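Input: a single structure, listed below in structure tokens.
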Amino acid sequence: MTRTTPAGTPLGDAFHVYDTTLRDGAQREGISYSVADKLAVARLLDGLGVGFIEGGWPGAMPKDTEFFARAATELDLKHAALVAFGSTRRAGARADQDPQVRALLESQAPVITLVAKSDRRHVELALRTDVAEAAEMVRDTVAFLVGEGRRVFLDAEHFFDGYAFDPDCALRVIGAGMEAGADVAVLCDTNGGQLPLGLAETVREVIDRTGFRVGIHCQDDTSCAVANSLAAVQAGASHVQCTANGYGERAGNADLFAVIGNLVTKLGMAVLPTESVPELTRVSHALAEIANIAPNTHQAYVGTSAFAHKAGLHASAIKVDPELYNHIDPERVGNDMRVLVTEMAGRASLELKGHELGIDLAAEPEALNNALHKVKDLESRGWSFEAADASLELLLRDEVGSDIRAPFELESYRVILDHRIDGEVVSEATVKVHVAGRRVIATAEGNGPVHALDAALRKALVPHLPWLDEVELTDYKVRILTGGPRATEHGTDAVTRVLVQSTDHDLEWTTVGVHGNIVEASWLALCDALTHKAMRVRSGVPTGGLRP
């Protein structure tokens with residue numbers, strides 16, 4: 001099923017990247033993994049080259065028990081060792097007779113991580129025992145599991161708080177585990193309250209006092225989990241526990257992708273196979289999909305905005321050399337640099353964006369100047385192109401003289417709202433358009449004015465534009481822009497911005513419309529979406545800037 005050491009990791013057993021997404025990460029509010037989800041997550045992490053994958057707590061959680069049972073036959077891990085998590089024996093009991101400890105063995109996981117309280121206050125108040133018995137609970141359980149052929153890691157819960165309160169107690173607990181055969185004493189910042197300099201000092205002190213191999217597990221309650229993890233590694237920890245995208249309870253855990261990105265690109269540590277590093281972005285997004293959580297666009301290294309540049313000053317420097325404003329080459333982690341075009345844009349921003357979209361604005365300075373003035377004017381009136389590449393591309397191509405004709409000509413449209421006696425609310429739209437030399441009138445209903453308008457337009461156009469059947473509206477976002485010259489205290493006269501995301505199942509593109517009326521703003525965005533598709537149909541090739 002798995003190897004007992006992370007043989008596929010370049011550093012072998014010298015350094016551990018340990019993922020606990022399937023236990024700690026699953027404690028995030030809103031995440032609920034099925035067993036099939038857990039298996040899929042494990043496969044992705046193993047493919048990335050992570051050394052250890054903690055699968056959950058068998059015996060305590062039925063879903064986790066099932067996961068380990070299925071993993072025995074359904075997982076063929078190439079890089080990682082599968083880890084079962086659990087607690088030490090109960091006070092006053094025997095490890096070999098404790099049902100929770102037996103469940104860890106029955107999981108068939110080759111590695112077991114035991115959690116033990118290392119803060120005297122927790123020992124006395126939560127476990128209701130004394131430090132001597134707490135140490136024996138650790139010693140007996142580790143010795144039993146090692147005797148059964150398992151590799152054991154010890155998670156010292158609340159270690160940093162406990163060490164600050166009573167260092168002798170904290171060291172006595174981890175010492176009992178290490179003397180009994182545990183491989184690593186993992187120092188846990190369970191409450192997430194540590195800061196990097198103090199945490200690093202404690203890690204270094206523990207190593208100097210004990211000589212133990214130590215690991216680090218950080219929560220993100222001070223937004224320092226990644227920094228604390230790196231500080232611990234630089235202080236001598238050789239085992240780091242993380243979760244995908246920083247998932248976890250409360251504020252989360254140390255983000256696996258940020259930690260790996262820093263270890264590889266900043267500290268020069270080969271903690272993943274070389275060919276796996278460019279997979280960081282893809283795997284991060286895939287794991288977000290499984291968790292049913294939208295990827296964090298501003299996530300370090302792997303977020304879509306991690307290498308996005310908005311200010312004109314940045315773009316001018318990037319035009320000379322991309323490294324001037326990128327801390328690494330985005331391709332190292334499988335990401336891309338993007339230039340955002342906004343009211344802050346300068347000539348360089350627009351020129352770089354044109355290049356990204358396949359338009360050579362450098363060769364047409366007059367078109368570049370005209371486009372820049374138009375973008376700034378439109379943005380001052382509420383338009384935003386940084387998330388609407390397709391609308392921006394239409395604007396730029398129009399300036400350089402490309403054929404961006406709309407596939408139809410509007411005569412008029414009308415939308416009415418029908419509130420029926422049974423309480424049902426139905427929208428009805430009628431469009432009158434000229435397409436392929438004909439005047440066409442079509443009417444359709446929808447569950448809202450935009451839906452009805454889209455349905456009526458499709459009904460009118462599909463007989464004349466067969467490719468329209470390929471196009472679907474996949475997302476629709478509305479923002480009311482207050483604070484402008486027409487805005488009132490209640491926003492009823494404010495400008496409305498609409499973003500429409502479309503797909504033809506090969507590509508995705510986003511368009512924008514702005515107007516004081518939400519239906520007209522939606523109409524403008526819909527028209528841009530169809531015009532963009534028509535342009536690509538005429539040219540026979542996809543244009544730049546679209547997402548596959």
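The values are calculated or read from the model by the stated rules, or taken from the named source; none is laboratory data. Here the structure is a predicted model, which means the values were calculated and not measured. Note that each Cβ is placed from the backbone with ideal geometry, even for glycine, and that neighbours are counted across all protein chains shown. These area figures cover heavy atoms from the full protein model, side chains too; ligands, DNA and RNA do not enter into them. Shrake-Rupley method; radii C 1.70, N 1.55, O 1.52, S 1.80 Å.
For the stretch 388-516, just say rounded, prolate or oblate: build the C-alpha gyration tensor, square-root its eigenvalues into a ≥ b ≥ c, call rounded for a/c under 1.5, and beyond that prolate if a/b exceeds b/c, oblate if not. Verdict is oblate for the stretch 388-516.
Taking Cα atoms only, the orientation of helix 225-234 departs from the longest principal axis of the chain by about 50 degrees. To the nearest Å, what is the center-to-center distance of the stretch 241-271 and the stretch 100-158, using C-alpha atoms only? Taking the Cα centre of the stretch 100-158 as reference, the centre of the stretch 241-271 is 26 Å away. The Rg/Rh ratio of the chain, with Rg taken over Cα atoms and Rh as the Kirkwood radius over Cα pairs, comes to 1.09. In order along the stretch 193-201, phi translates into HN-Hα couplings of x, 7, 10, x, 5, x, 5, 4, 4 Hz, rounded to whole numbers, per the Karplus curve 6.51 cos²θ - 1.76 cosθ + 1.60 with θ = phi - 60° and x for Gly and Pro. When only Cα pairs below 8 angstrom with a gap of at least 6 residues are kept, the chain shows a relative contact order of 9 percent. Restricting the trypsin sites (Lys or Arg not before Pro) of the stretch 45-138 to loop positions (DSSP other than H, G, I, E, B) with no more than 10 neighbouring Cβ atoms within 10 Å leaves ARG128. Between helix 449-461 and the chain there is an angle of about 60 degrees, using the helix long axis and the longest principal axis of the Cα atoms. Sorting the segments 433-444, 371-382 by their residues' average number of neighbouring beta-carbon atoms within 10 angstrom, most packed first, yields 371-382, 433-444.
On C-alpha positions alone, give me the angle between the axis of helix 35-48 and the longest principal axis of the chain, in degrees, nearest 10. So the inclination is approximately 90 degrees. Three principal axis extents describe the C-alpha atoms of the stretch 383-455; from largest down they are 54, 35, 13 Å. Close amide H partners of VAL152, meaning residues 5 or more places away or on another chain with modelled amide H under 5 Å apart, are ILE112, ASP183. On the chain, 50 percent of the accessible area sits on carbon and sulfur atoms, based on a 1.4 Å probe. Over 19 Å apart at the Cα level, from the set LYS353/LYS477; LYS78/LYS266; LYS353/LYS374; LYS374/LYS432; LYS266/LYS353; LYS459/LYS533, are LYS353/LYS477; LYS78/LYS266; LYS374/LYS432; LYS266/LYS353. Rolling a 1.4 angstrom probe over the protein heavy atoms with all chains in place gives the chain an accessible area of 43 Å² per residue.
Just how large is the dipole of the chain about the Cα centre, in debye to the nearest 20, putting +1 at every Lys and Arg Cβ and -1 at every Asp and Glu Cβ?
So the dipole magnitude of the chain works out to roughly 280 debye.
Computed extension length for GLU470-ARG332: 46.2 nm, one decimal, from 0.36 nm per residue of separation with the Cα-Cα distance subtracted.
DSSP beta bridges confined to the chain are antiparallel in about 50 percent of cases. Between ARG538 and LEU197, the FRET efficiency estimated from the beta carbon spacing at R0 = 56 angstrom works out to 0.35. Taking θ as phi - 60° and the Karplus parameters 6.51, -1.76 and 1.60, the scalar couplings of the stretch 474-480 work out to 9, 8, 8, 10, 10, 9, 8 Hz in sequence order, x denoting glycine and proline.
For the listed peptides 217-227, 398-408, 510-520, a ranking on the average number of other beta carbons within 10 Å per residue, highest first, reads 217-227, 510-520, 398-408.
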